[in-house]
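I have placed the structure first, in the form of structure tokens, so that the comments after it can refer back to it.
The values are calculated or read from the model by the stated rules, or taken from the named source; none is laboratory data. What you see is a predicted model; the values in this text were computed from it and never measured. Neighbour counts run over all protein chains shown; Cβ positions are idealised from the backbone, glycine included.
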Amino acid sequence: MSAVNDTKFNPAVFLLTGIPGQEDVHLWISIPFCLMYVISIVGNSVILFIIKTDPSLHEPMYIFLSMLAITDLGLSIATIPTILGLFLFNSREISFNACFTQLFFIHSLQCTESSVLLLMAFDRFIAICNPLRYASILTLPRIAKMGLVCLLRGIAAIFPLPLLLKRYQYCRANVLSQSYCLHQDIMKLACSDITVNNIYGLYLSLLMMGFDLLLIFLSYVMILKTVLSVVSQSKCLRALNTCVSHLCVVLLFYTTEISLTVIHRFGNSSTKLLQILLSYIYLLVPPLMNPVVYSMKSKYLRSRIIRLFIK
């Protein structure tokens, strides 16, 4: 399906790529991917089940955690068909529309996860800085509205991307550099003017996820200021301990996001392998680690998981 000279056409399919130079061991590489998917799906499902069935966990912090688990499940399900299809069965072809559908779900769920992490930071801010009004501010109806806004925000922000890409003409090789569809990857294959997509993609990175990260940072500045004003050292440490899980998740999510964005925009051929490895880490590791981190840090959640499996 490669183009000849500058002939414009819309390819019927895109061709996915695994890890360059490692095609002979793709089947072996699929084993850790399968394990990561199993642990991610089982871990997030268990957390959702426990939070749903245990009335004592129907609190704002755990409800926000369940939102994060749903988002992580969605991300895992969105990438399973192409990643495992390529590494297990060498299935490289993905149709034009299927690729844009996957792109939409991956990016919209990433935006939603960024919003949920911001809500979790807001939850910690209210719990530590204004504990007397915690229950009156974070009521169940208000939390439900917040979750709906996060979802609609992610959908509305990403919805224009596949529509813009679909209008373009593609006159270069239709081979993607990943085993799934991303906006940056498809955009580079277009021979039309992609200025709008470049600007809009930069807007999403800076003004949406960047703004979320800034608000999370400011909330922790206020939390730290409040905690340091507490005379009792034990109370200070106890308050900070409730934030450790969220901080780990935030660092994992935004570090890989920022690194991947920088490499996509300013990287060259020498950083290609690093870009591919980072993209897998970005999509597979947070859904895997989020339930592990929260299960390890939350004593009550950990005990409920142990009781569930022992039973």
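Considering every residue within region 33-48, establish whether at least one is part of a helix (DSSP H, G or I) and either under 30 Å from residue 167 (Cα atoms) or more than 21 Å from the chain's Cα centre (by Cα) (or both). Within region 33-48, none of the residues are part of a helix (DSSP H, G or I) and either under 30 Å from residue 167 (Cα atoms) or more than 21 Å from the chain's Cα centre (by Cα) (or both). Of the residues making up region 206-262, those that are part of a helix (DSSP H, G or I) and among the small types (Gly, Ala, Ser) are 210, 219, 234, 239, 245, 259.
Just wondering, is there one or more residues in region 111-126 that are among the small types (Gly, Ala, Ser), at negative phi and in contact with a His (Cβ under 7 Å, 6 or more places away or on another chain)? Yes. Restricting 240, 277, 273 to those that are modelled with pLDDT of 80 or more and of a type outside the set (Phe, Trp, Tyr) reduces the list to 277. Please verify whether residue 194 is closer than 15 Å to residue 13 by Cα and either of a type outside the set (A, V, I, L, M) or touching a residue at least 24 places away in the same chain (Cβ under 8 Å) (or both), treating the condition exactly as stated. So residue 194 fails the test.
Are any residues in region 67-87 of a type in the set (Gly, Ala, Ser) and more than 10 Å from the chain's Cα centre (by Cα), and if so, which ones?
Just the residues of region 67-87 that are of a type in the set (Gly, Ala, Ser), to begin with: 69, 74, 76, 78, 85.
69, 78, 85 - these are the residues of region 67-87 that are of a type in the set (Gly, Ala, Ser) and more than 10 Å from the chain's Cα centre (by Cα).
Scanning region 136-158 for residues that are surrounded by fewer than 19 Cβ atoms within 10 Å (Cβ to Cβ) and either basic (Lys, Arg) or part of a loop (DSSP other than H, G, I, E, B) (or both) yields 139, 142, 145, 153.
I'd like the full set of residues that are of a type outside the set (Phe, Trp, Tyr) and surrounded by fewer than 16 Cβ atoms within 10 Å (Cβ to Cβ), limited to region 40-81. Don't jump to the end; show me each part of the working.
To start, the set of residues in region 40-81 that are of a type outside the set (Phe, Trp, Tyr) comprises 40-48, 50-61, 63, 65-81.
Answer for region 40-81, where residues must be of a type outside the set (Phe, Trp, Tyr) and surrounded by fewer than 16 Cβ atoms within 10 Å (Cβ to Cβ): 42, 45, 52, 53, 54, 55, 56, 58, 77, 81.
Of all residues in region 159-205, those being hydrophobic (A, V, I, L, M, F, W, C), part of a helix (DSSP H, G or I) and in contact with a strand residue (DSSP E or B) (Cβ under 9 Å, 6 or more places away or on another chain) number 2.
When the residues of region 186-206 are filtered to those that are of a type outside the set (Gly, Ala, Ser) and within 17 Å of the chain's Cα centre (by Cα), the one that is surrounded by the fewest Cβ atoms within 10 Å (Cβ to Cβ) is 206. Just checking, does region 135-144 include any residue being closer than 30 Å to residue 193 by Cα and of a type in the set (Gly, Ala, Ser)? No: zero hits.
Condition check for residue 85 on (1) over 25 Å from residue 245 (Cβ atoms); (2) surrounded by fewer than 17 Cβ atoms within 10 Å (Cβ to Cβ): one failure, at (2).
Here residue 108 qualifies as assigned to a helix (DSSP H, G or I), modelled with pLDDT of 90 or more and closer than 20 Å to residue 83 by Cβ.
Condition test on residue 102, is it closer than 26 Å to residue 198 by Cα, of a type outside the set (Phe, Trp, Tyr) and modelled with pLDDT of 90 or more? Yes; evaluated as a whole, the condition is true for this residue.
The numbered conditions (1) out of contact with any strand residue (DSSP E or B) (no Cβ under 9 Å at 6 or more places or on another chain); (2) at pLDDT 85 or above; (3) surrounded by 16 or more Cβ atoms within 10 Å (Cβ to Cβ) are all true for residue 133 except (3).
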